[in-house]
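Have a look at the structure below before the remarks.
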Amino acid sequence: MQEEEVFVTGNEAVARAVKLAKPNVIAAYPITPQTEIVEVLARYVESGELKSEYIHVESEHSAMAACIGAASMGARVFTATSSHGFLYMCEMIFWASIARLPIVMANVNRALGPGWNIWADLKDAMSHRDAGWIQFYTASVQEAYDTTLMAFRIAEDQRVMLPTMVNLEGFVLSHVMQPLRLVDEAEYDRFLPPVRIPHALNFERPHTLGTLISPEHNYLVQYDNNRCMRAADDVIAEVEREFERMSGRRYGAVMKYRCDDAETLVIAMGTLAKEAEVACDSLREKGEKIGVLRLRQLRPFPKAFLEEVKRLTAERFIIIDRAYSSGYGGILAEEVKAKLYDLGLKKEVKSIIAGLGGQDVPHEALEKMFMDKRGGEVWFGV
Amino acid sequence: MVWSMSESDEGKHEIEIRIHSRGGQGGVTAAKMLAVAASLEGKYSTAFSIYGAERRGSPTASFTRISNREIRKYSQIRKPDCVIVMDPTIASVVDVTEGLKPGGKLLINVGNNSTDLERFRDYEVYAVDATRVSLRFDLKVAGIPVLNVPMVGAAARLGIISLDSAKQAILKVLGGGSVVTSLARYAGTTALDGTESLPSTMRKNLMAAELAYKETKRLNGSG
Amino acid sequence: MVEVLGKEEHEGMEAVGGEGKVVKWLAEIPADEYVLKGNSACAGCTAMIALRYALKASRATGRKTLLLVGACCMVVCEGVYPNTAYNVPTLDTAFACTASMASGVEAALKSFGRRDVNVIAFAGDGGTVDIGIQALSGAVERGHNFLYVCYDNEAYCNTGMQRSGATPPCARTTTTPGGKREKKKDVPRIMAAHGIPYVATACPSYPIDLYEKFKRAFSIEGPKYIHILTPCPVSWRFPTSKGVEMGKLAVRTGMWTLYEVEHGVFRLSPPSRRVVLRGDVVPVEKYLRAQGRFNGITDEEVERIQKMVYQELEWFKEAAARRKLW
Ligand SMILES: Cc1ncc(C[n+]2csc(CCOP(=O)(O)OP(=O)(O)O)c2C)c(N)n1
Ligand code: SF4
C-alpha cells in the first residue's frame, strides 16, 4: 500500500486521526480555534465515512460528561476543545481521570479571558497538569496526527486506563497547513486493538460507579491513579516504538536537537521549541554550543527527561514558558528546577516567558534572549 | 532565474511569500496552492494566514514558506522575499511592500486599475491583469472573479515554482478537500496528461493559470 | 413615512394607531447612538439593529444603562482593546454565565441603593438556549430586576455557524452539513413558563414593535426576557441588503411569531395578527428558498416545515383567544 500524503491544517490532521480510531461516541462543542476539528468530524459522520454517534452537546461540561457516560459503558470516545471550553468542562476533566476512563481529547491551546483572545497560550492545559490526564504537547501537523493515533492506544492500555490529552497550539499549529503522511487504515486497525474497559458497567455483574467512598478508601484510589500514571511512562515509550515500526516516524517523551555537546540547553514545549531550534542553528554557526530539548510529554513527567538531564553536560539551562503561574514562575521552569533539585544538580537557570496570548516569538528574538547571559526570569517584550 | 534554494546558496534555504487579498477572495487557498506546488517539487512548505476576525471584503494576508529542509518556524513572516498582490485595489490602502527585502519580488494583479508601479522601483516587479484572465474564462464564485488561480499561474514566473507544478497544485487543491499527493514526488514532465478527461471548469482553471503565466510581464529589476 | 417603513409595517401599525403613531414614534426615539461608528459588525447585521434600539429605548426611560454582553458576535463587534464601540458601561461575560453575572451586577446596584439603572444582558441564541439556559433559568427564578435579551441568529455565528438549539430544522450549518434534524428549541415559551412578569418576541424588521417592547420591559420591575429573531446575512447566506426583508418574511410566513406575555396575559403583536388571526400566511417555501442555508432542502422537507408552521399558528390562535399561553 502506497503511503499517501495530504496537505492539511493541524486541526484536520487530528480529525483524520480520530477517523482512523473510529470512536463509538464523539461529543464536542465548537470553540475557536478548535472548531474545525468538530466540523470535519461532523462531516465524516454525516457522510457515513465515520460511523460514530455524534452528540451535538449544548456545552463543554456536557461534552465531557457525555464522554464519561459513554466510556462508563465501555465505549471509545473522543472530544476536542480549547481554553474557555476546557475550563468549562473542568469538573468533568477531573472526574474522567479519577474514574479511570480512557477518553482522548484534543485541546487546542488558547489564552483565557477576560479580554477575549483566541491565540496560542498553554495556560489552559498546563494549569490542569494535576488533573490526572496524560498530557502531550505537539509541534507539527504530522506530530499532532501521530500523537492522536497513539493517544487512543496509550489511554486504553490495560496498565494505564487514563484519559489522554493531545495539545496543539491555537492557530500557529491548529491552522497552519503542512504536508501530512497518512497511516494506512488496515495497519492502524492492527495497531489499535478494540477497546476494553474492565470496569465498564455491564448487565452480567451489576456494579455501581461513583458511589460514596470513605477516607479509608479514597486515598487508595488516588494512590492507584498515580501508580498507573507512572506506569504510563513506560507504556508510552513502548507504544512509540511500535508506532515507529508501523510508520517509520520516531517520537519520544523528549526530543533532542544538537544537545549532546551543548553547554547551553534550551528546554521548551510545542512550536516554540521548534522556533528555538532555528535560533540554535544560527547560534551554532556563530560558535555557540547550544541545543534544544523539547518536552513532548508533561504528564506523566517523563523519566527520559531526568535521564537526559543527568547525562547531558550543559551547565546553563534556558527554559521557555508559554504559561505562567502567577506569584510563582514559568510553569515548566519551576517543574524543571524541582527535578534538578531531586537529581542533586545545580545548574544556572534562566526562565523566559514568551508567546503568551499569541505573542509572536520570532527566532531572531529568541537568539538574542539566549545570548543575554543574565539569569533569572525574563518576560519577552517587557 | 537568480533564485535557487540550494544549501550552498549562502544558507538561503528558504523563501517566504506574503499574499495580499481581501476576505473572501481566496488568498489562503492561493497560499495553499503555492505550498502544494513546492511540495510537489520535493520541497518542504507550510501555508497559513493572518487570523482573527476577518470580515468579508476587508484586506487580509496569507503566507507561504518554502524550504529545502523541515520548516520549524512558526512565527509570522515579517520580511518576505516575495509579495503577491491579488486584489488590484489593495495597494492603495495597504503598504504591500512592508518588510519586503530590497530587490525582492513583487507580483501585482494590476486589473484595469492604473496602479502606479513606479513607486515600487526598488523591487523586481511583475504585473498581470489576473482579473481579466479570470473573467475571460468565466471563473467566478458568488459573482466575484476567482483571482487565486491566475495569480498562482503568474507566480510561476517568479521562479519559485514551475508552471507545471502550479497547475498540478491547482488541480489538487480545487479537486477536493484532501490534497492527496503520491510520495513518489512529482517527476516534472507530464503534469497535464489526461486533462481532456477533466471537468470543464477544471480545464478552464488550468487554462487561466497558463494564460496568466504567459501574460505576466517583468517590468524592471536587475537579475 | 409609509414609504420609509414599507406597506407591511404600515399595515401592522394600523392596529396600534396607524401612521400617526409612526410619526410620534420617530419623534420620540432618541437620536443618540450608543453603538459607535467603526464597530466591527458585518455589513447588513440585523443583531446590531436590535442592540442599537435596546440602548436607545433604555435612554428614553431617563435611567442609566449597564450592558452585559455574553461571548457572541456582539462582543466581537466592540472592536479590539484599547477601543470599544459601545458607549455605555459594558461588562463582557463568559459564555455560559451572562444571566448570572447580570444577577451579581443587579445585586450590587441594589446594595448601593441605586434604582436608576436598566441592567441589560445581551446574548446570542447559543449563549441563551444552549450553554446559558441554566444561568438564565436560575437568575429569573430568583427574580432579579434585569432585562435579558436573546438575539437569535439561529446558529453559533461567532465561531463560524455551527448548529445551536435554536437552529431551525433542515438548516445547513458546519456541524449539520446535511441539514439539522431536530426542531428549534422554543425558549420564549420556556421563559414564560417561569412565570416572570414580561416575555416578548421581536424582530428588527419591525422596529416600532421592537422599540415599544424594550420600553415596556424597562417599565416593569423584575426579570424580563425578550427574544429577537435577527437574520444574519453571513450564516443564513443571503445578500447583505436583505436582512430586514428576511425578518419580515419570517414573520409573514409564520416561521417567527411576535407576541408579548405580560403578567401571564398573552397578546399577539400587530405584525403577527394578520398572519395568525386572519390566516394571511406567505408560504414558507418563499422564506426557505431565499436563504443559502436551506440549499438542497427537499420538497418533502419544505412540506413538513409548512405543516409545522400551520400547527404553530393554530396554537397561537388559540392562545390569543384565551389570552393565555396555556
Ligand atoms: C465555555 C465556552 N465555550 C465555547 C466558547 C466559544 N464560543 C464563543 S462565542 C460562541 C458562539 C456564540 O453563539 P451565539 O450565542 O449563538 O451568538 P452568535 O455568535 O451567533 O451571535 C462560542 C461557541 C466560549 N467562548 N466559551
Ligand atoms: S456573523 Fe451575522 S450576527 Fe454576527 S456580526 Fe456578522 S451579520 Fe451579525
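In the range C:49-74, the residues that are within 14 Å of chain A (Cβ to nearest Cβ) form Cβ pairs under 7 Å with partners that are of a type in the set (S, T, N, Q) and away from ligand 2 (no atom under 15 Å from the Cβ), at six or more places apart or across chains, as follows: C:Leu68/C:Thr93; C:Leu68/C:Thr98; C:Val69/C:Thr90; C:Val69/C:Thr93; C:Gly70/C:Thr93; C:Gly70/C:Thr98. On the given criteria, is C:Glu285 open to solvent by 20 Å² or more (accessible area, probe 1.4 Å), more than 23 Å from C:Gly179 (Cβ to Cβ), modelled with pLDDT of 95 or more and of a type in the set (Asp, Glu)? For C:Glu285, the condition - open to solvent by 20 Å² or more (accessible area, probe 1.4 Å), more than 23 Å from C:Gly179 (Cβ to Cβ), modelled with pLDDT of 95 or more and of a type in the set (Asp, Glu) - is not met. Restrict the check to the range A:80-93 and report whether at least one residue is assigned to a loop (DSSP other than H, G, I, E, B) and away from ligand 2 (no atom under 16 Å from the Cβ). Within the range A:80-93 (the criterion being assigned to a loop (DSSP other than H, G, I, E, B) and away from ligand 2 (no atom under 16 Å from the Cβ)), the answer is yes, since at least one residue qualifies. Each residue in the range A:1-37 was checked for being open to solvent by 20 Å² or more (accessible area, probe 1.4 Å), more than 7 Å from every other protein chain (Cβ to nearest Cβ) and assigned to a loop (DSSP other than H, G, I, E, B), and 3 pass. Between C:Met246, C:Met255, the distinction of being in a loop (DSSP other than H, G, I, E, B) and under 15 Å from the mean Cα position of the chain (by Cα) belongs to C:Met255 only. Only one of the numbered conditions (1) hydrophobic (A, V, I, L, M, F, W, C); (2) away from every other protein chain (no Cβ under 12 Å); (3) open to solvent by 20 Å² or more (accessible area, probe 1.4 Å); (4) not in a helix (DSSP H, G or I) is not met by A:Ile55, and that is (2).
When restricted to residues that are within 13 Å of B:Asn205 (Cα to Cα) and part of a helix (DSSP H, G or I), the range B:133-160 contains 11. If you take the residues of the range A:92-103 that are in contact with a helix residue (DSSP H, G or I) (Cβ under 9 Å, 6 or more places away or on another chain) and farther than 13 Å from A:Ala66 by Cα, which of them is farthest from ligand 1 (Cβ to nearest atom)? By that ranking, first place goes to A:Arg100.
Scan the range C:137-165 for residues that are in contact with a Phe, Trp or Tyr (Cβ under 6 Å, 6 or more places away or on another chain), within 13 Å of another protein chain (Cβ to nearest Cβ) and either among the small types (Gly, Ala, Ser) or away from ligand 1 (no atom under 12 Å from the Cβ) (or both) and the total you get is 1. Check whether at least one residue in the range A:69-84 is at the interface with chain C (Cβ under 10 Å from one of its Cβ atoms), away from ligand 1 (no atom under 16 Å from the Cβ) and among the aromatic types (Phe, Trp, Tyr), and report yes or no. No, there is no match, as no residue in the range A:69-84 is at the interface with chain C (Cβ under 10 Å from one of its Cβ atoms), away from ligand 1 (no atom under 16 Å from the Cβ) and among the aromatic types (Phe, Trp, Tyr).
Among the candidates C:Pro204, C:Pro168, the residue that is within 16 Å of ligand 2 (Cβ to nearest atom), under 23 Å from A:Tyr29 (Cα atoms), open to solvent by less than 40 Å² (accessible area, probe 1.4 Å) and away from every other protein chain (no Cβ under 14 Å) is uniquely C:Pro168.
For the residues C:Thr253, C:Thr240, C:Thr298, the requirement of being touching a Gly at 6+ places or on another chain (Cβ under 8 Å), farther than 27 Å from C:Glu106 by Cβ and of a type in the set (S, T, N, Q) singles out C:Thr240. Restricting B:Lys214, B:Lys140 to residues that are modelled with pLDDT of 95 or more, surrounded by fewer than 17 Cβ atoms within 10 Å (Cβ to Cβ) and over 14 Å from the mean Cα position of the chain (by Cα) narrows the list to B:Lys214. Per the conditions (1) open to solvent by 10 Å² or more (accessible area, probe 1.4 Å); (2) more than 14 Å from every other protein chain (Cβ to nearest Cβ); (3) under 16 Å from C:Ala99 (Cβ atoms), the sole criterion not satisfied by C:Asp186 is (3). The set of residues in the range C:91-130 that are out of contact with any Phe, Trp or Tyr (no Cβ under 9 Å at 6 or more places or on another chain) and within 16 Å of ligand 1 (Cβ to nearest atom) comprises C:Leu91, C:Thr93, C:Cys97, C:Ser100, C:Met101, C:Val129. Beta carbons closer than 9 Å, at least 6 apart along the sequence or on distinct chains, pair a first residue in the range A:357-375 that is among the basic types (Lys, Arg) with a second that is surrounded by 15 or more Cβ atoms within 10 Å (Cβ to Cβ) for A:Lys368/A:Ala279; A:Lys373/A:Arg316; A:Lys373/A:Lys350; A:Arg374/A:Lys350. Of all the numbered requirements in (1) within 14 Å of chain A (Cβ to nearest Cβ); (2) open to solvent by less than 40 Å² (accessible area, probe 1.4 Å); (3) polar (S, T, N, Q); (4) assigned to a loop (DSSP other than H, G, I, E, B), C:Ser235 misses one, and that requirement is (4).
Scanning the range C:75-90 for residues that are within 13 Å of chain B (Cβ to nearest Cβ) and surrounded by 15 or more Cβ atoms within 10 Å (Cβ to Cβ) turns up C:Val75, C:Val76, C:Cys77, C:Glu78, C:Gly79, C:Ala85. Tallying residues that are more than 13 Å from A:Cys259 (Cα to Cα) and basic (Lys, Arg) within the range A:275-308 yields 4.
Each residue in the range A:273-297 was checked for being open to solvent by 10 Å² or more (accessible area, probe 1.4 Å) and either without any contact (Cβ under 8 Å) to a residue 60 or more places away in the chain or facing chain B (nearest Cβ under 10 Å) (or both), and 10 pass. Could you list all residues from the range A:310-364 that are under 19 Å from the mean Cα position of the chain (by Cα) and farther than 23 Å from A:Asn117 by Cβ? Hits for the range A:310-364 are A:Ile319, A:Glu334, A:Glu335, A:Val336.
Scanning the range C:146-161 for residues that are away from ligand 2 (no atom under 12 Å from the Cβ) and touching a Ser or Thr at 6+ places or on another chain (Cβ under 8 Å) yields C:Phe146, C:Tyr148, C:Cys150.
Among the residues of the range C:290-313, those that are surrounded by fewer than 12 Cβ atoms within 10 Å (Cβ to Cβ) and more than 12 Å from C:Gly178 (Cα to Cα) comprise C:Asp299, C:Glu300, C:Lys307, C:Gln311. Among the candidates C:Leu67, C:Leu91, C:Leu26, C:Leu109, the residue that is more than 16 Å from ligand 2 (Cβ to nearest atom), modelled with pLDDT under 95 and not charged (D, E, K, R) is uniquely C:Leu26. Please go through the range A:277-334 and pick out each residue that is of a type in the set (D, E, K, R), under 18 Å from A:Val349 (Cα atoms) and in contact with a strand residue (DSSP E or B) (Cβ under 8 Å, 6 or more places away or on another chain). Within the range A:277-334, A:Glu288, A:Lys289, A:Arg294, A:Glu308, A:Glu315, A:Arg316, A:Asp321, A:Arg322, A:Glu334 qualify. Give the residue that is nearest to B:Pro199 (Cα to Cα), with candidates limited to residues of the range B:102-121 that are surrounded by 15 or more Cβ atoms within 10 Å (Cβ to Cβ) and at pLDDT below 90. Among them, the one singled out is B:Gly111.
Are any residues in the range A:147-164 surrounded by 24 or more Cβ atoms within 10 Å (Cβ to Cβ), of a type outside the set (Val, Ile, Thr) and closer than 17 Å to A:Val221 by Cβ, and if so, which ones? A:Leu162, A:Pro163, listed by residue number.
The values are calculated or read from the model by the stated rules, or taken from the named source; none is laboratory data. Being a predicted model, the structure only gives us computed values, none of them experimental. Cβ sites come from the backbone with ideal geometry, for glycine too, and all protein chains shown count toward neighbours. Each accessible area value is taken on the protein alone, full model and side chains, heavy atoms only, with ligands, DNA and RNA left out. Shrake-Rupley method; radii C 1.70, N 1.55, O 1.52, S 1.80 Å.
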